[in-house]
1. Between residue 255 and residues 5 or more places away or on another chain, which pairs have amide H atoms under 5 Å apart, with H built 1.01 Å from N, and which residues are they?
2. Quick one: what are the phi-derived ³J(HN,Hα) couplings along region 188-193, Karplus 6.51/-1.76/1.60 with θ = phi - 60°, whole Hz, x for glycine and proline?
3. Would you mind ranking 309, 83 by Cβ crowding within 10 Å, fewest neighbours first?
4. Top mean-square fluctuation among 25, 195, 167, Gaussian network model of the chain, C-alpha springs under 10 Å?
5. Work out the charge dipole of the chain with +1 on the Cβ of Lys and Arg and -1 on the Cβ of Asp and Glu about the Cα centre, then indicate which of 51, 251, 76 is farthest towards its positive end.
6. Quick check on the exposure proxy: order 160, 188 from fewest to most C-beta atoms within 10 angstrom.
7. Could you pull out every Cys in the chain that lacks a partner Cys with its beta carbon under 4.7 Å away?
8. In the Gaussian network model of the chain, springs joining C-alpha atoms below 10 Å, which of 255, 16, 114 carries the largest mean-square fluctuation?
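What follows is calculated from the coordinates using simple rules that are stated; it is not laboratory data. The structure displayed is predicted, hence computed values, not measured ones. Here the Cβ is made from the backbone with ideal geometry for all residues, glycine too, and neighbour counts use every protein chain on show.
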Amino acid sequence: MQPEPMVRGRFAPSPSGRMHLGNLFCALIAWLSVRSQGGSMLLRVEDLDPARCRLSYEEQLEEDLRWLGLDWDEGGLSVGGPHAPYCQSLRTRCYEETFSLLQNQGLLYPCYCSRDQLHAAAAPHRSDGTQRYDRRCLALSEQERQRLAALRSPAWRLRVPDETFAFEDGCRGYCEANLETSCGDFIVRRSDGVFAYQLAVVTDDAGMAVTEVVRGGDLLDSTPRQLYLYRLLGATPPRFFHLPLLLSGEGRRLSKRDRDLDCGILRERFSSEELTGRLGFLAGLLPAPVPLTARELLAEFRWERIPRHDLIVPDSLFAPPNFSVLFTKST
Ligand code: GLU
């Protein structure tokens, strides 16, 4: 009998700012899931976009994860391992291989559309503002293509089939999407040469033998595209778990840009055990936000307890512990 493959999970943060509550929530659940199965964890730094990512954020995020009591067996700046390098900015060769493999299958084509043209031509198809590409560059004549190529470098798109990709999400249940009608042909390399998230993440998760992907529900839409890429690479996809998104009191998504409950603020307010208890309570793992370590929380972890719907973060849960006292005094 074949031995069961070892569970391998990952943290895949982007060092584009200090992590916020939602990033910590995701990291904690990913760690709990893997460690509760005796699996191993790796840290891959998703620093593809040189304009947004910084080494100082990368160092900080490792320190913040450790502060929360989370550890990993491979990757990051500090640990290393058999799949090094673990920073996407150093993995261009791997992405070039994937790119050639897709190109050799005749599935890529250059796209010269500017952002403005894309906005004007494509009908928005979802509430999140993403758009389906109308394939205008697929229809270019050779002459038009040459004219445009002299003016600017193209992005590269992957042709998608008129096919529905379905999967059983470990958190959300059955999910499916038809690639042609949902996203259309998508970009795998930007016009500035930077490889796109979809191509990089599948190349890396497949190459690093990741068996379990736990991430925010905002990436649920990406999964059918990624399943298509796994098929084209001839690789086995991991099991996916898309977590509920954390929303502010006004129903807005937490973001790094708004410095919403970032790790610096949280660390000023709480000890690591206090924050873990609050996160565990928010995740439905604890009946009350009692302080405990991540390792202690392992005993309470069950996927069935994690909510399937987005979560409004109650202001009181992550406010400074003496918030009401301060408020009374200052008014
Ligand atoms: N790097 C992405 C982020 O920080 C996560 C990608 C993934 O988990 O697939 O949001």
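1. Amide H neighbours of residue 255, under 5 Å, 5+ apart: 260.
2. So the Karplus estimates, Gly and Pro as x, are 10, 8, 6, 5, 8, x Hz.
3. Numbers: 309 9, 83 17.
So the residues, fewest neighbours to most, are 309, 83.
4. 167
5. So the residue we want is 51.
6. Values: 160 21, 188 25.
In increasing order of surrounding Cβ atoms, one gets 160, 188.
7. If one checks each Cβ against the other cysteines of the chain, 26, 53, 87, 94, 113, 171, 175, 183, 263 turn up with nothing under 4.7 Å.
8. The residue with the greatest mean-square fluctuation here is 114.
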